[in-house]
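A short write-up of the structure that comes next.
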């Protein structure tokens with residue numbers, strides 16, 4: 001994260017987002033963060049963590065998807081911390 005946080009981005013994709021910690025850590029450096037998670041528990045945790053941290057749904061979106069399945073657009077930065 002320390003290397004990624006050096007820049008600012010229009011859009012960031014976090015694959016295998018888990019609870020959303022990576023996306024939330026970079027949220028100040030991005031106009032929009034999209035998190036992708038397949039596991040139901042982790043997906044719901046990522047949504048809840050966005051709400052707990054007061055992040056606007058317009059800036060922080062969580063999608064239930066298997067990697068790129070629900071991700072048709074392009075991103076400036078892709079991060080991942082897969083299992």
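Nothing in this text is a laboratory measurement; each read-out follows from the coordinates by a stated rule. This structure is a prediction, so every number in the text was calculated from the model and none was measured. When we count neighbours, we look across all protein chains shown, and the Cβ atoms used for this are built from the backbone with ideal geometry, even at glycine.
Hey, can you tell me all the residues within the range 9-26 that are in a loop (DSSP other than H, G, I, E, B), within 16 Å of residue 60 (Cβ to Cβ) and over 8 Å from the mean Cα position of the chain (by Cα)? Give the steps one after another, and end with the answer.
Let us first name the residues in the range 9-26 that are in a loop (DSSP other than H, G, I, E, B), namely 16-20.
From what is left, the residues that are within 16 Å of residue 60 (Cβ to Cβ) are 17-20.
Within the range 9-26, 18, 19 qualify.
What are the residue pairs meeting all of these: first residue in the range 67-79, first residue under 14 Å from residue 29 (Cα atoms), second residue part of a loop (DSSP other than H, G, I, E, B), Cβ atoms under 8 Å, and 6 or more apart or on different chains?
Hits for this filter: 77/7.
What number of residues within the range 40-68 satisfy the criterion of being surrounded by 15 or more Cβ atoms within 10 Å (Cβ to Cβ), within 14 Å of residue 16 (Cβ to Cβ) and in contact with a strand residue (DSSP E or B) (Cβ under 9 Å, 6 or more places away or on another chain)?
Selection size over the range 40-68: 7.
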